[in-house]
Structure formats: structure tokens, C-alpha cells
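Here the structure is laid out as C-alpha cells; the discussion comes afterwards.
Every number in this text was worked out from the coordinates using simple rules, so none of it is lab data. Worth saying up front: this structure is predicted, and the values here are computed from it rather than measured. Every residue, glycine as well, gets a Cβ built from its backbone with ideal geometry; the counts of neighbours run over all protein chains shown.
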Amino acid sequence: MSELVVVVGPTAAGKSTLGAELAAAIGGEVVSADSFAVYRGLDIGTAKPPPDVRALAPHHLIDIVEPHESYSAGRFTRDADAAIAAIAARGRRAVVVGGTHFYVRALLRGLFPEPAKDPALRRRLEARWLEDPAALRGELARLDPEAARRIPAADRQRTLRVLEVTLAAGRPMSELWREQRRGARYRFRMLGLQPSRTELHARIELRVKAMFDAGLLDEVRQLLGSGVPKHCHALKAIGYRECCRALDGEWTEPQAREATVVATCQLAKRQRTWLRGEPDVEWLAWPAAARDVVARLEASGGTDARS
């Protein structure tokens, strides 16, 4: 199997367009590694590749589950493995485009062996979240401060999962991740996009404006009207949770827009921090042209993945 090409970078850096252009140039297909693009009906706020970008090359793992369903890194890895195998069987090359870097890491390195699930523990954590989310976040900060810094305060699913694993294992989940020393599951080249902070924030502001102008608030209204529960994981995505608060009357639409910009910039900061800790990233000059990336790949040949 040919080595994977993996395109990473903070949100709004231009990964989707570069990934599709690169796939078109090398006879490849795109495998999306975005934890919210998997949901049907969440179109505007997840910045799914538009039709003209998707037309450049086949795309996989977009619009594959319903908004009320949960989706995990483990399920993503299984789905991505199947997509990559099918792409290879067609004699084509997989280009993984990653907005969710935890998913990328799970695909390339695998998930560490987790302790046995404890349904009673999970139920207790869920009950405590409903009672006092701030107290549970405080416990996360005490038990796994690294995870607490990385996971947004409103991210119920990931907060509960880290606490569940940490309490069951008796050790921080972040520590378990660091101890994982498996070799790579695939040969890969990881290419990173890194706009300047000023440029990235400007792109985020333009993207959020475009989303709200395109009817993000109406999209959320329609999702809720179709029976999608407000508390489901899909509607915890940035932009959607802010729109829910606006529809509840807590915020005006301009306030929701501004909060979405702030939350997206905070996400980009966390992503940049995460990527600085990834030793395998080959940083590209920004903005990057697909032809330059192809030349880079050809010049260096089929380098094996790091391990």
C-alpha cells in the first residue's frame, strides 16, 4: 500500500482545498478526519468542503451518521481503515485531511488499550455533569490537567470519556497516551499548514461571517425542529452551540457570531499547540500550492513513516 499523505493544520488554514487539489494531482481520494463533518445536516457550521472542492476528487467519511448518533475515535479508525483499503484496491492513493488531530493520531498510531468499561461509573459521571458541570471540570483539572487544558469546558463527551478512563485506570488518560509506543499503523507523510496568527484570525472572522450569512441559525433551527436533541454531541460543535443559545433567547445573533469567532480562535490555538508536539509534521510554506507539494513529495521519494 502506498504511504498515506496526511494534511493537518489549525481550523481555517485551507486544509480542505489543498487536500482535494493534492488528491486530484496524484490520483488520490480524500479521507476526511473531522469529528463533526461526519454528521448529516450539519453543513454550514462544519465547513464541509463545498461542491466545487469535492468535485476535484472523491471524498470519504463525510455525512455518514445522523446528528443524534455518537461518533468516536475508535469508530473513525475502523471507518477510515475500510476507506483506505478500498482506495488502495482501486489503485489510488489516500489523502487524509485532518481537522480533528486526535482522530489523525488514532488512525496513524492506534488507540491505547483502554480499561474495561464500567457502565455504573459512566452513569455516575453523566449524573454529576447534569448536576454541576463546573465541579466535574474541576475534577478533570485535578486528575488530568493536560486533558483539561486541551478539552473545551463545554465538551461533555470528551470530558466524561477522559474522566471515565482516568478513574478506571487509576492514572491520567494523557499519561496513558504518552506511554504508547506503538509503531505507525501506516506509512505516511504528514504535511502541515501554518498561517500566521494574524492571518488565521482574519480567515476565521471571514469564515464565521460567511456561515451566519449563509443561514447557520436557520440550519440549527431546522435541526432542532426535526427532533435532534439540543444536548446531543453534534450540536456541541462550535457555531451550533452558540446558535442554540441565541435560539433560546440567551444571546442575540451578533453575540452568537462574536462568541463563535472567539471559540474558533481558541480552538485554533489548541490545535497549533497540539501540532507543535507532533514530531512528524513537515511544515509547508503558506499558502501552499498543490503543485509545490507534489514536487516536494516527488523530490523526497517514498519515505517510510516515523515510528
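A few points about this structure:
- Theoretical gain in end-to-end length, H68 to R122 [0.36 nm per residue, Cα-Cα removed]: 17.5 nm
- Each label was represented as a point 7 Å from its Cα along the Cα-to-Cβ direction; for A55 and S226 these points are 2.4 nm apart.
- Structural size metrics of the stretch 198-242, computed from C-alpha coordinates, are Rg and Dmax of 12.4, 40 Å.
- Nearby lysines by direct alpha-carbon distance to K236 (threshold 21 angstrom, same-chain neighbours under 8 apart not counted): K48, K209, K269
- Computed P(r) (all Cα pairs; the chain; 20 Å bins; percent): 31, 60, 9
- Per residue convex hull volume, Cα atoms of the stretch 58-143, in Å³: 149
- A crude spin-label estimate for the pair M1 and L247, with each label 7 Å from Cα along the Cβ direction, gives 3.9 nm.
- Gap separating the Cα centres of the stretch 267-302 and the stretch 135-186, nearest whole Å: 27
- Distance histogram in 10 Å bins (all Cα pairs of the stretch 119-179, percent per bin): 24, 60, 15, 0
- Here the stretch 222-299 was treated as a single set of alpha-carbon atoms; its pair distances binned every 5 Å from 0 give 3, 12, 15, 14, 12, 10, 10, 10, 8, 3, 1, 0 percent.
- Cα lying deepest toward the dipole's positive end in the stretch 263-302, options A290, T264, G277, charges on Cβ: T264
- Low-density loop positions, GluC sites (Glu not before Pro), the stretch 169-250 - DSSP coil, at most 14 other Cβ in 10 Å: E250
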